[in-house]
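Below: one structure, written as structure tokens.
The values are calculated or read from the model by the stated rules, or taken from the named source; none is laboratory data. Every value quoted in this text rests on a predicted model; they were computed, and no experiment measured them. Cβ coordinates were reconstructed from backbone atoms using ideal geometry, including for glycine residues, and neighbour counts include every protein chain displayed. Please note that ligands, DNA and RNA were not included when accessible areas were found on the heavy atoms of the full protein model with its side chains. Shrake-Rupley method; radii C 1.70, N 1.55, O 1.52, S 1.80 Å.
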Amino acid sequence: MTDGLALAAALVVLAATLAVAVTRPPHVSEAVAAATGAVLLVVVGAIGLSGADHALRTLGPTVGFLAAMLLIADGCRREGLFDAMGAVMARGSGGSPQRLLAFVFVIAAAITAVLSLDATIVLLTPVVFATAARMRTSARPQVYACAHLANSASLLLPVSNLTNLLAFHASHLSFLRFAALMVLPTIAAVAVEWVVFKRFFAADLTRPRHAGARPARPDLPRFAVAVLAFTLAGFALSSVVGIEPVWFAAVGAAAITGPALARRTATPVALARAAEPGFLIFVLALGVIVQAASVNGLDSAVRAVLPTGGSLPDLLAIAALSAVFANLVNNLPATLMLIPVAAATGGAGPVLAVLIGVNVGPNLTYVGSLATLLWRRVLRAEDTDVELGEFLRLGALTVPAALVAATVLLWLALKA
Amino acid sequence: MRALVWIIEDTWQATIDEAAQFLPGDAEITLLHVASTEPEAVARAARHGLLGRHPPRPAAPKELQAISEQAAHELLTDAQERLGRPANLQARRGRVEREVVAAADGIDILILARDGDRDCLGPRSLGPVTRFVIDHAPCGVLLIWPDSAPGLSTIPPPPPAGTPPPHPPPHS
């Protein structure tokens, strides 16, 4: 098969896989679609068996890491960590919507950083919604905050976003060095969100209120907090002791699931489901599909448009391009395409600038990418009754400013 | 007299107190709460942004909708207790401004509270939702300040002579 034909085949398979993942037809899972596409590309010779094998081996540890983190997040849910966070917010806010928003910002940023954006969107958001309902205040700013911070606070740690995990391996940074370089960009992105949110939702946040009863003191689940603390400490020390961070994640996952299995508060089936095997297969297969496109010419196309230097204008251009790309095709495929090029030609600076773009960029639309947004509107999905103009305005106000602020601080951190 | 009292979470006590004081004893009162479906839609949309994971189960119970309906029920019950008179309770869901206007059909008077800036007299004391309701209400409207009204001194001085009259606030 010629390179051109192979590239065309890989791009068609990629487009079909993304179409299935975005539209979610009732009887085809995205994992099956992606795996079928990957196998098809090997069969027609668009990627050799050794190439596919190489892609799977490269992604393997990352996917294992992801599975362990999903189990830890699920364990934290089982132990009651998220309900406890709701109680902390309710008590700490003292009945003030603005203080509640401050608590939501801090807790959503922390949960996103430590347990990933999935945990914030799937596990924390319902708790925040219920807390606002119990406090009898508007849930609007609070739920929008969860949706936005799940993206913009996901810069901090390699475990905060799957995109970071994918880039972590390629960046050759230690866990601690990654965090040290990304701490200021994360603070900058969250600060931009805070300033915009306070103005954007001023009407919801400043209504006069009668003080209600003070909610009870929350009971923090000590075991879950201890497991998280141990796992994070392990991540931080991983480069010092010479053990890959993925092993600390595995120990953390075992520590939080083992006792639940013994106490029978979790079944093996429920745990297997929590590790989301379908999603893991989807990521592996998507990796093979993107690899097939990359080796047949996509790589050189990306190389031609992506700046490779570490200067501030270069980093800003990389972040902006990555944000645009993430909005066109969603941030997972964008990361798989951009990171190898950024890592091979520019090193840590460009890799982290790509992450700023693909992580913050999806806030431009409320469903992660324009492709998803358009499709869901075509399908007249239930969630398209959101005031679209309002969400896009919120994205337009926060994303460019957050991208610039985070990238400038990344540049400063790299120079220090 | 058929009266519709629209309450929102933050200011419901003040609205109910005003209604209790203002409405005659024979008024037929309906207490209305409208839950915005926007936060639920945003939460659902955020999940759809997670490409490849957490496939939504169509049969899964609508967790947020249940929380929202329970909260609305409790709020309306507390409001009726505070009112201390018989009243119909009406809970609606959807786009708040449209639902309130629809509920006001055939009503004599709508009682509602300002929902914006409470430090200055002026157009900013109405948020977009309340402004829409007032602009489109098919009935009389009693608009209250949820706490004491700001002083007259909060109005900016008039523009110099010769300036055209101020425009009405933009329609939203």
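Below is a table of values for the structure above.
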read-out: Every residue from the stretch A:95-148 that is assigned to a helix (DSSP H, G or I), closer than 18 Å to B:Asp10 by Cα, in contact (Cβ under 8 Å) with a residue 60 or more places away in the chain and open to solvent by less than 10 Å² (accessible area, probe 1.4 Å); value: A:Pro97, A:Leu101, A:Pro141
read-out: Count of residues meeting criterion [modelled with pLDDT under 90 and either in contact with a Phe, Trp or Tyr (Cβ under 8 Å, 6 or more places away or on another chain) or not in a helix (DSSP H, G or I) (or both)] in the stretch A:332-349; value: 2
read-out: Subset of the stretch A:307-337 (residues that are more than 14 Å from chain B (Cβ to nearest Cβ) and within 15 Å of the chain's Cα centre (by Cα)); value: A:Ser322, A:Ala323
read-out: Residue ID - most open to solvent (accessible area, probe 1.4 Å), chosen from residues in the stretch A:12-27 that are of a type in the set (A, V, I, L, M) and out of contact with any helix residue (DSSP H, G or I) (no Cβ under 6 Å at 6 or more places or on another chain); value: A:Val12
read-out: Some residue of the stretch A:71-86 being in contact with a Gly (Cβ under 9 Å, 6 or more places away or on another chain), open to solvent by 20 Å² or more (accessible area, probe 1.4 Å) and either in contact (Cβ under 8 Å) with a residue 12 or more places away in the chain or of a type outside the set (Phe, Trp, Tyr) (or both); value: yes
read-out: Among residues of the stretch A:17-50, those that are away from chain B (no Cβ under 14 Å) and in a helix (DSSP H, G or I), counted; value: 8
read-out: Residue match in the stretch A:149-161 (condition: within 25 Å of A:Glu390 (Cα to Cα), open to solvent by 10 Å² or more (accessible area, probe 1.4 Å) and not aromatic (Phe, Trp, Tyr)); value: yes
read-out: Among residues of the stretch A:167-178, those that are open to solvent by 20 Å² or more (accessible area, probe 1.4 Å) and assigned to a helix (DSSP H, G or I), counted; value: 5
read-out: Some residue of the stretch B:86-96 being closer than 22 Å to A:Phe391 by Cβ and either among the hydrophobic types (A, V, I, L, M, F, W, C) or out of contact with any Asp or Glu (no Cβ under 9 Å at 6 or more places or on another chain) (or both); value: yes
read-out: Residue match in the stretch A:273-287 (condition: surrounded by fewer than 20 Cβ atoms within 10 Å (Cβ to Cβ), assigned to a helix (DSSP H, G or I), under 21 Å from the mean Cα position of the chain (by Cα) and without any contact (Cβ under 8 Å) to a residue 60 or more places away in the chain); value: yes
